[in-house]
1. I need every pair where a residue in the stretch 236-252 that is not assigned by TED's automatic domain parsing to the domain that holds Leu179 and of a type in the set (Asp, Glu) has its Cβ under 7 Å from the Cβ of a residue that is outside any loop (DSSP other than H, G, I, E, B) and surrounded by fewer than 12 Cβ atoms within 10 Å (Cβ to Cβ), sequence separation at least 6 or different chains.
2. Within the stretch 151-206, restricting attention to residues that are among the aliphatic types (A, V, I, L, M) and modelled with pLDDT under 85, which residue is nearest to Ala120 (Cα to Cα)?
3. Given the stretch 21-122, what helices (runs of 4 or more DSSP H) lie entirely inside it while holding 2 or more residues that are at negative phi and modelled with pLDDT under 85?
4. Quickly run through the stretch 26-42 and pick out the residues that are out of contact with any helix residue (DSSP H, G or I) (no Cβ under 7 Å at 6 or more places or on another chain) and either farther than 21 Å from Glu214 by Cβ or of a type outside the set (Gly, Ala, Ser) (or both).
Amino acid sequence: MSMSSPIATPSQPPPTTTSPPYDRLKAVKQFDETKAGVKGLIDSGIKTIPSIFIHPPETLSDLAPGSGPEPEIPIIDLSVVHSSHATVVDQIRNAASTVGFFQVINHGISLELMRSVIGAMKAFHEQPADVRAQLKMGPVAADEKEIPEVCRKEVMEWDREVVRVGDILLGLLSEGLGLGAERLAELGLSQGRMVSNEDYKSADHRVLANPSNEPRVSIAVFLNPGDREKLFGPLPELTSEQKPALYRDFTLNEFMTRYVVE
C-alpha cells in the first residue's frame, strides 16, 4: 500500500556532473532505513519532493505526457469468462501482447470490500510512526498474527480475493500463449515478458503527480514465485530455431538485485 500527496512541489533535480556525484542508491537506502515511508515525509511537512522521486533531466522529455490521444486501456470483463471463454482469452492475449496492461471488471471483488480495505490502510497509516515502523516488507508473506489488528480482517479477506482473481488471470494468460491453463501456475508467476519470450509486453510503470487535493491511495499486490532460487526463463514451448530465447535463465534473487541496482 502506498500513499502520495500533491502537497509538495518538485525540488531541484539530482545534481549535474559539475556537482558532487549524486548517489541515488545511497539516498534510497537512507530513506528506506527511516522506515517512515512517504507518509513520514508528508508528516514531516516537506515542501519539496526529494530527488530520489524525480527523474533526471535527460529522461524527463521521454516521460512527459504526449500531445497525441491517450491510448485506450483494454478492458477484460470476467463476468463472461465461462460463457465466452475463447473471446476472453483472445482479449487478454491481445492486451498483454500489444499494450502490456489491462483493467479487469466484474471480477467478483465487492465494492464494499474495496472500500473497507482502503479505509483499513488509511487507519494503519494514521497510527504513530513508531507503531508503523515495527512492520517492514519482507521476502515472505507475514503470518496472520503479525498483521496489525487495525487492518488484519480486511487485509486477509483482500488477499484471498485478489489471489483468486490472480489465479484466473494467470490461467487466461497461459491459454493466450497457446499453453495449458495450468502451465504458468506450475511455474509460479514470474516476469511474463521474459517467460513468454516477449510474446507478452511489459508496460512502463509511470505515476504522475496527483493534481487533486486528496492523497492517492494504492493497494498493490505482487504475485511472485515463492522460490527465489528457482530458475526462470523463456518457456521451451515458446522458443524455436526461428525464435530463439531472448533471455537467459535467472533466479528471482538475481532479477530483484539487478532491478534495485539499476
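1. The qualifying pairs are Asp249/Leu231.
2. Taking the stretch 151-206 as the starting set, the residues that turn out to be among the aliphatic types (A, V, I, L, M) are 155-156, 162-163, 165, 168-170, 172-173, 177, 179, 181, 184-185, 187, 189, 194-195, 203.
Imposing the further condition that a residue be modelled with pLDDT under 85 reduces the set to 184-185, 187, 189, 194-195, 203.
On the way: Leu184: 32, Ala185: 30, Leu187: 33, Leu189: 28, Met194: 35, Val195: 36, Ala203: 30 Å.
Residue satisfying both the conditions and the ranking: Leu189.
3. Numbers: elements: 24-34, 37-43, 57-63, 85-98.
Hits in the stretch 21-122: 24-34, 37-43, 57-63.
4. Initial filter on the stretch 26-42 (out of contact with any helix residue (DSSP H, G or I) (no Cβ under 7 Å at 6 or more places or on another chain)): 26, 29-30, 32-33, 35, 37-38, 41-42.
Hits for the stretch 26-42 are Lys26, Lys29, Gln30, Asp32, Glu33, Lys35, Val38, Leu41, Ile42.
The values are calculated or read from the model by the stated rules, or taken from the named source; none is laboratory data. Quantities reported herein were computed from a predicted structural model and do not represent experimental measurements. In this analysis, Cβ positions are derived from the backbone assuming ideal geometry, glycine residues included, and neighbour counts consider all displayed protein chains.
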